[in-house]
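This report concerns only the one structure given below.
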Amino acid sequence: MTHRQPLLQDIHGPEDLQRLSYAELKVLASEIRSLIVSTVSRNGGHLASNLGAVELTIALHRVFDSPHDKLVFDVGHQCYTHKILTGRAASFETLRRSGGISGFPKKDESPHDAFDTGHASTSISAALGLLAGEALSGGSGRVVALIGDGALTGGLAYEALSHAGQLDLPLVVILNDNKMSISPNVGGLSKYLSRLSMKSKYQSIRRGIDRLVKHFPFFGPLIYDVMIRVKKGIKALFYTDNFFVDLGFEYVGPIEGHNLPVLEQVLKDVKKLGKPVVVHVITRKGKGYAFAEDDPGHYHGVSSFSVEDGLVEPGSAPSFTTVFSEALSALARKDSRIVAVTAAMEKGTGLGPFKAEFPERFFDVGIAEEHAVTFSAGLAARGLRPVAAIYSTFMQRAADQLFHDAALQRIPVIFAVERDGLVGDDGETHQGIFDLALFRQVPGMTILAPAGRAELESMLAYAAELSSPAIIRYPKAACPAGHESFALPLEKGKGVFVREKGGKALIAFTGSLFSQALEAAALLENEGIDADLYNLRFIKPIDEEYLVSILSRYETVLFAEDGIRSGGIGEYAAALALSRRLSTLVCGQGVPDTFAGLGRRDELLARYGLDAQGLARAVTALCPRPGLRLLSKAVPE
């Protein structure tokens, strides 16, 4: 069990904060940071962002009455202190573990989690809906949206701000400004907020003068009121306050985000306002842990690491992300048309080395996946070959742009879909299991799934020569280095055999399941079943005649895919076998109709029968008995 400090062990809910002095709250903040660092060092998680929001979260819970008042955390990268203060300190050591507490807010986990989050820029919309619902229901609860300056680069946040100003409800938006999302913030908004932040010294002096004037004997309050009116009149004559004021918000700040007394007083004042307000808070990402303060991008989302020296445990082999990074830079040296686009994920997608070598050919558009896709389509329409590197879960946000702006116009954008399939530790919001079913339906789309290094390299080069859009999808996992089949040339719509012994069963797999399929074949061989292995390579297009010729050679074919089964490649192949009246038993093994939850990738693969043992069991169960002939069927739930 994690050692509990005296103050923290007595915090069972936000109400316990009220009895603590500011000196004790400072100690409590230190204890919370120690708990976060020690837990994340073992379990992995979002470190720097959570360390930067400790005092701000304490102040919010001291002023607002959760769960009557509702706090909505954008993305959720900064919710760990909130979880600790709302009765989950004792279970915090289970963070991001199967059966444990989520790394993001979850309504099912606690009444203090008002809204599930995990993707950026949603908090203001959700909070405004909660507040409008509260008003329509006759409730009195307040609603606070906590959003980072990085998440404010997403278009959804602006739509919500515009609507909030129109509704004129007393929404409180806390803008947590730490100059970063995951990678350093980019664009006009970042520069604008920096200009506002430069006024923090003015704000501090102004508050000091205000306090002094208020305490003048006899006429202090009257003088203060006159000062306020004069200031407002001068400001109205000579300049507009700022963007937020133009939208109908009151604006307060910038406020020093680690000064609890100031934070608490400002929030108390804000709570009394009867209209929407933005409170601009300046925080330091990674505060309290030197390694995270010095390199907050590196310590944004980390695997387990050593607390003493900050070293993150290295992987046993290069990841698909690392291989993609190296392959893209190598291709760009040969082809000057290659440019790279990311949506605030320079490090997560491995584009840092590309940026360093080709800075003029690198574009970070901020947390704006929709813009990233259409911007890439514009680049491609001008003759370039953009590679848009976006996580599978975030590509969902840009489905319309992919359909309308890239595919419909047959514009050759290459989408490097990172973290496809089952993704460990982050839970439902970050699973990459829907892209196969979603984008297989797009006319003219090419979808490629590499099994190892050589295939990823050749697929990038292949996609760069297409005249239509292509997706290359790969998992957050180690990238197998060498198998003789990886070096075989790509043939449109065709895969390659990894193992071909003329057995009665075949496992056809998407590239990310290569290692599991290989091990499954070995397990089946021990049971006296010869199973051949076929690496699909192409998810779309499929050379149907070639696939039919393969299916017809086997009694049983299992399609193993690292994605949702409904609408996947297994269903397609089963329907094809049925339409061609094949006697082959064709089945699909994938994720059932569900949102996959918490767990390491290996745990999730086992949960859905996609590990080696699960695939071997499925083949054993599906091998037809002598004399039994079936057309096709789906794997039961």
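The values are calculated or read from the model by the stated rules, or taken from the named source; none is laboratory data. Owing to the predicted nature of the structure, the values given are computational and were not obtained by experimental measurement. Ideal geometry is used to build each Cβ from the backbone, glycine not excepted, and the neighbour counts take in all protein chains shown.
Side notes on the structure shown:
- Selection within region 95-108 - in contact (Cβ under 8 Å) with a residue 24 or more places away in the chain and either surrounded by fewer than 21 Cβ atoms within 10 Å (Cβ to Cβ) or not basic (Lys, Arg) (or both): Leu95, Arg97, Ser98, Gly99, Gly100, Ser102, Gly103, Phe104, Pro105
- At least 1 residues being surrounded by fewer than 19 Cβ atoms within 10 Å (Cβ to Cβ) and at pLDDT below 95 is the threshold, and among the helices (runs of 4 or more DSSP H) wholly inside region 530-620 those reaching it are 569-579, 601-607.
- The number of residues in region 533-562 that are among the β-branched types (Val, Ile, Thr) and out of contact with any strand residue (DSSP E or B) (no Cβ under 6 Å at 6 or more places or on another chain) comes to 3.
- Residues of region 539-594 satisfying the condition of being farther than 17 Å from Gly495 by Cβ, in contact with a helix residue (DSSP H, G or I) (Cβ under 9 Å, 6 or more places away or on another chain) and aliphatic (A, V, I, L, M): Ile564, Leu582, Leu585, Val591
- Among the conditions (1) out of contact with any Leu (no Cβ under 9 Å at 6 or more places or on another chain); (2) under 20 Å from Val172 (Cβ atoms); (3) surrounded by fewer than 24 Cβ atoms within 10 Å (Cβ to Cβ), His77 misses just one, which is (3).
Per-residue answers, yes or no, for (1) free of Cβ contacts under 8 Å to residues at least 60 places away in the same chain; (2) under 17 Å from Val586 (Cα atoms); (3) of a type in the set (S, T, N, Q); (4) in contact with an Asp or Glu (Cβ under 9 Å, 6 or more places away or on another chain):
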residue	(1), (2), (3), (4)
Arg499	yes, no, no, yes
Leu513	no, no, no, yes
Glu545	yes, yes, no, no
Ala560	yes, yes, no, no
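- Residue among Ala388, Ala398 that alone is touching a Phe, Trp or Tyr at 6+ places or on another chain (Cβ under 6 Å), of a type outside the set (S, T, N, Q), touching a residue at least 24 places away in the same chain (Cβ under 8 Å) and within 21 Å of Thr153 (Cα to Cα): Ala388
- Residue list for region 388-419, restricted to those being of a type in the set (Val, Ile, Thr) and surrounded by fewer than 23 Cβ atoms within 10 Å (Cβ to Cβ): Ile411
- Flag if Glu428 is under 18 Å from the mean Cα position of the chain (by Cα) and surrounded by fewer than 24 Cβ atoms within 10 Å (Cβ to Cβ): yes
- Scanning region 244-284 for residues that are part of a helix (DSSP H, G or I), touching a helix residue (DSSP H, G or I) at 6+ places or on another chain (Cβ under 7 Å) and aliphatic (A, V, I, L, M) gives Leu260, Leu263, Leu267.
- If you filter region 476-513 down to residues that are within 18 Å of Leu610 (Cβ to Cβ) and of a type in the set (S, T, N, Q), you find that the one that is farthest from the chain's Cα centre (by Cα) is Thr510.
- Within region 469-493, the set of residues being crowded, with 16+ Cβ neighbours inside 10 Å and of a type outside the set (A, V, I, L, M) comprises Pro469, Arg473, Tyr474, Pro475, Lys476, Cys479, Pro480, His483, Ser485, Phe486, Gly493.
Here's the yes/no breakdown for (1) surrounded by fewer than 18 Cβ atoms within 10 Å (Cβ to Cβ); (2) under 30 Å from Asn176 (Cβ atoms):
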| residue | (1), (2) |
| --- | --- |
| Glu293 | yes, yes |
| Ser303 | yes, yes |
| Ser329 | no, no |
| Gly378 | yes, no |
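- With respect to (1) small (Gly, Ala, Ser); (2) surrounded by 23 or more Cβ atoms within 10 Å (Cβ to Cβ); (3) within 22 Å of Glu555 (Cβ to Cβ), the lone exception for Gly503 is condition (2).
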